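Below you'll find the structure, written out as structure tokens, and then a few comments.
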Amino acid sequence: AAAAAAAGGCCADDGRGDGDELEDGAVHATKAGLHESDDEQLTRQMADPEVSQNGPELIRITKARAAMEEIVVAYDEWLAARAELDDAKQMLYDETDEEMREMAKAEVVALEDTITALESRLQVLLLPKDPNDERDVMIEVRAGTGGDEASLWAGDIVRAYTKYCETQGWRVSMMSSSDADSGGYKECVLQVTGDSVYSKMKYEAGVHRVQRVPATESQGRIHTSTATVAIMPEVDEVTVQIDPKDIELTTARSGGAGGQNVNKVETAVDLVHKPSGIRIFCTQERSQLKNKERAMTMLRAKLYEIELEKQQTEVRGLRWAQVGSGARSEKVRTYNYKDARCTDHRLGRNFPLETFLAGELELILQACIVDDQQRKLALLAEDA
């Protein structure tokens, strides 16, 4: 309904009756009034001394106000363009000078184009927001089919994501990893913190398939390997509550580099969540307490992802499943080294392979965002 309201008629003379015009005007006035009221409320909250002393809440309100302000500004521009279009059409109707009429015609065409663009922008701005878009994420990369080559491919993906996150100014830290003997990772979990990380990285969830000649292949045959990527929004203890009775925790010596401490003291944590069967082995930190905190953070993210996927399946139903949900089991891309191309199956588009490997994902992710917006608009149109 919001998108429909934003897409009201762009011409004063469109063949509709006065009642339709008045109804559209009432809808738009109500929508603008709602946004202005919300904007004022958020401004008042920002001025509240209690909010100003609460860092996380102040950041949340600041972001919400910025998003609301963008809608209000776009709506005001739309109203101004509508008024200018009415004036231009009136000039075209009243003017007798041919040169002035041509100028008025050109202005009408330009304003109609402007209004169409503003309506498209408003439709996108008024789409329901993903409540997790502002969250930090856990990126879990697992080697799939393909043996040693799959582990090497998982390592390539981890490096590409690390490079991209650095270009975005996001902070990346290794939460846990299981190194493969031949190189790369059997499994790797990264924690990424920054501004609206999930809003972009969520499009990376799924199966990533690579087709290339492995370094160990003497016959030059192309092998196909896969790696699975899970993007889990990071949540706090309030969002996901875990009963301590459901946790089975044991400790072990970490081993490896790090001095005598990791070899003599049981700093590694082996955590099992009994109801779900999720097991997390964390050795990254040099203290048992920090490893336990990391393991619990990872567990909360995994449990939240499971519940989120369950809710999305129930709410969206079979229709959403048909268009794809970005789930872990869905093949999202194929990377072909012979042709130096990266094919995104959701978009039906090819991108340069080197672009992905260099961590230059912005073009791909922006295309995914636009595609996602178009899908949502189509679903809203069907519901309407």
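The values are calculated or read from the model by the stated rules, or taken from the named source; none is laboratory data. Keep in mind the model is a prediction, meaning the values are calculated, not measured. All Cβ positions, even for glycine, are placed from backbone atoms using ideal geometry, and neighbour counts span all protein chains on display. Just the protein is used for accessible areas: all its heavy atoms, side chains included, with ligands, DNA and RNA removed. Shrake-Rupley method; radii C 1.70, N 1.55, O 1.52, S 1.80 Å.
Kindly provide the set of residues from the range 91-119 that are assigned to a helix (DSSP H, G or I) and either on the phi > 0 side of the Ramachandran plot or exposed (fewer than 13 other Cβ atoms within 10 Å of the Cβ) (or both), ordered by number.
Once the filter is applied, which keeps residues that are assigned to a helix (DSSP H, G or I) and either on the phi > 0 side of the Ramachandran plot or exposed (fewer than 13 other Cβ atoms within 10 Å of the Cβ) (or both), the range 91-119 yields 93, 94, 98, 99, 102, 106, 109, 113.
Among the criteria (1) modelled with pLDDT under 95; (2) open to solvent by 10 Å² or more (accessible area, probe 1.4 Å); (3) in contact with a Ser or Thr (Cβ under 7 Å, 6 or more places away or on another chain); (4) among the hydrophobic types (A, V, I, L, M, F, W, C), the one residue 172 does not fulfil is (1).
Here residue 163 clears all of (1) open to solvent by less than 40 Å² (accessible area, probe 1.4 Å); (2) more than 22 Å from residue 331 (Cβ to Cβ); (3) touching a residue at least 40 places away in the same chain (Cβ under 8 Å); (4) not in a loop (DSSP other than H, G, I, E, B) except the condition numbered (1). Applying the condition of being in a strand (DSSP E or B) and of a type in the set (D, E, K, R) to the range 342-359 and asking which residue is surrounded by the most Cβ atoms within 10 Å (Cβ to Cβ) yields 344.
Filter the range 286-312 down to the residues that are outside any helix (DSSP H, G or I) and either modelled with pLDDT of 85 or more or open to solvent by 50 Å² or more (accessible area, probe 1.4 Å) (or both) and list them by number. Result: 286, single match. Annotation note: of 192, 229, the sole residue that is part of a strand (DSSP E or B), modelled with pLDDT of 95 or more and in contact with a helix residue (DSSP H, G or I) (Cβ under 6 Å, 6 or more places away or on another chain) is 192. Across the range 120-134, the qualifying residues are those that are open to solvent by 50 Å² or more (accessible area, probe 1.4 Å) and in a loop (DSSP other than H, G, I, E, B), and the one among them that is nearest to residue 308 (Cα to Cα) is 131.
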